[in-house]
1. Mind checking which residues of segment 150-175 are of a type outside the set (D, E, K, R), under 20 Å from VAL233 (Cα atoms) and assigned to a loop (DSSP other than H, G, I, E, B)?
2. Can you work out which of the residues in segment 217-248 that are among the polar types (S, T, N, Q) and at pLDDT 95 or above is surrounded by the most Cβ atoms within 10 Å (Cβ to Cβ)?
3. Tally up the residues in segment 57-66 that are touching a helix residue (DSSP H, G or I) at 6+ places or on another chain (Cβ under 8 Å) and either buried (at least 18 other Cβ atoms within 10 Å of the Cβ) or not in a loop (DSSP other than H, G, I, E, B) (or both), please.
4. Give the residues of segment 150-169 that are in contact with a Leu (Cβ under 7 Å, 6 or more places away or on another chain) and either buried (at least 23 other Cβ atoms within 10 Å of the Cβ) or touching a residue at least 40 places away in the same chain (Cβ under 8 Å) (or both), sorted by residue number.
5. Name the residue, out of SER290, SER246, that is under 25 Å from the mean Cα position of the chain (by Cα), at negative phi and among the small types (Gly, Ala, Ser).
6. Might you check whether a residue that is of a type in the set (Lys, Arg) and in a helix (DSSP H, G or I) occurs anywhere in segment 227-244?
7. Within segment 195-211, can you find the residues that are touching a Gly at 6+ places or on another chain (Cβ under 7 Å) and surrounded by fewer than 23 Cβ atoms within 10 Å (Cβ to Cβ)?
8. Taking interchain pairs and intrachain pairs at least six residues apart, which have beta carbon atoms under 7 angstrom, with the first residue in segment 32-43 and over 13 Å from LEU101 (Cα atoms) and the second of a type in the set (Gly, Ala, Ser) and not in a helix (DSSP H, G or I)?
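The values are calculated or read from the model by the stated rules, or taken from the named source; none is laboratory data. Computed from a predicted model, the values in this text were never measured in an experiment. Ideal geometry is used to build each Cβ from the backbone, glycine not excepted, and the neighbour counts take in all protein chains shown.
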Amino acid sequence: MSALPNEAIAFTTQTSPLVAVVILNWNGQHFLEKMLPSVVNSTYANKKVIVADNASTDDSISFLKTHYPQIEIIINPTNEGFAKGYNTALQQVTADYYVLLNSDVEVTPSWMEPVISLMENDKSIAACQPKILDYNNKQLFEYAGAAGGFIDKFGYPFARGRIMEHIEKDVQQYDDATACFWATGAALFVKASLYHQLGGLDEYFFAHQEEIDFCWRLQNAGYQIYVQPQSIVYHVGGGTLPKGNSKKTFLNFRNNLIMLYKNYSFKKLCFVLPIRFGLDAVAAYKALFSGDTGFYFAVAKAHFQFFKWVLFVKKQPSYKKNTAIKLVGMYNGSMLWQYYIKKQQTFSKIFKSK
């Protein structure tokens, strides 16, 4: 993985591409109050800030109309989840680039320029993320994306700076702009034309791992995913479904299996899926014997719903899938083996062991 040149471009409203920062909100007035000032004060010139509201029942809309009349509001009729919520909203947004930004993200003033510069300098980059640090401890990477998303061949995601629950301290060890497998949905820069060309996020996912599936589809279509650590944002995380929530566990396991089925070749699935089911079973029974029945039943439900999807819901992809392409950012081994058996808890150590 080679870094691209990071020369800054002096953007002006006349020369810069139009970037729409779209914040999906559901009952997040407290986050909007805290985070919106940083977004509005971003130094990138040619931007518009939009809040797409997923049928909130709090005072989010009245707050926005009172305090941020310059911000465009899109109101979705129901809570459509992360995936469909964004798809519905972005059908109504015209721009060169979209930024899918979580409501619980605080940005730094010049966070947009380095990413847009990188993507403008290399047209093969379809999506990119900034460096994600922990809002509550700004010396640490944040779980959802850290310094770029990766995945192992069995579908388990990890990141530069975060392996399983182990979070690294940011000491500039991952400050190179580099290709990765997936970019976090917490702050996802994506070319607008490609977002629509590939059908956007998979609405069946509702929430969780839809951005990984989307980035995998982008790679299968011949594009690159990047992380640009010169851009820095701070993410609270767990704002809608906190870690340990059974629904979150269910969505993560179900959606991950669907993602594998959609993007791997049949031959690869015949090898990967049986091992993956076994690994999931080990995790489920470990949780059960530890007293966490919620986790056990969430995994069992995820497997049942996966087979239901295969039999009754699965559709042919609306894009050209090239499963022969060499995927960037996929670890050709088991991240779980490295983490639990070999006790390698940092990204750099796991990738040295390739």
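1. GLY161, VAL171, GLN172, GLN173, TYR174
2. GLN228
3. Narrowing segment 57-66 to residues touching a helix residue (DSSP H, G or I) at 6+ places or on another chain (Cβ under 8 Å): 58-60, 63-64.
If we keep only those that are either buried (at least 18 other Cβ atoms within 10 Å of the Cβ) or not in a loop (DSSP other than H, G, I, E, B) (or both) too, we end up with 60, 63-64.
Within segment 57-66, residues that are touching a helix residue (DSSP H, G or I) at 6+ places or on another chain (Cβ under 8 Å) and either buried (at least 18 other Cβ atoms within 10 Å of the Cβ) or not in a loop (DSSP other than H, G, I, E, B) (or both) number 3.
4. PHE154, GLY155, TYR156
5. On the way: SER290 fails: under 25 Å from the mean Cα position of the chain (by Cα).
So the residue among SER290, SER246 that is under 25 Å from the mean Cα position of the chain (by Cα), at negative phi and among the small types (Gly, Ala, Ser) is SER246.
6. The first filter runs over segment 227-244 and keeps only residues of a type in the set (Lys, Arg), leaving 243.
Going one step further and asking which of them are in a helix (DSSP H, G or I), we end up with none.
Checking segment 227-244: not a single residue is of a type in the set (Lys, Arg) and in a helix (DSSP H, G or I).
7. Answer for segment 195-211, where residues must be touching a Gly at 6+ places or on another chain (Cβ under 7 Å) and surrounded by fewer than 23 Cβ atoms within 10 Å (Cβ to Cβ): PHE206, ALA207.
8. Listed pairs, sorted by first residue: THR43/SER110.
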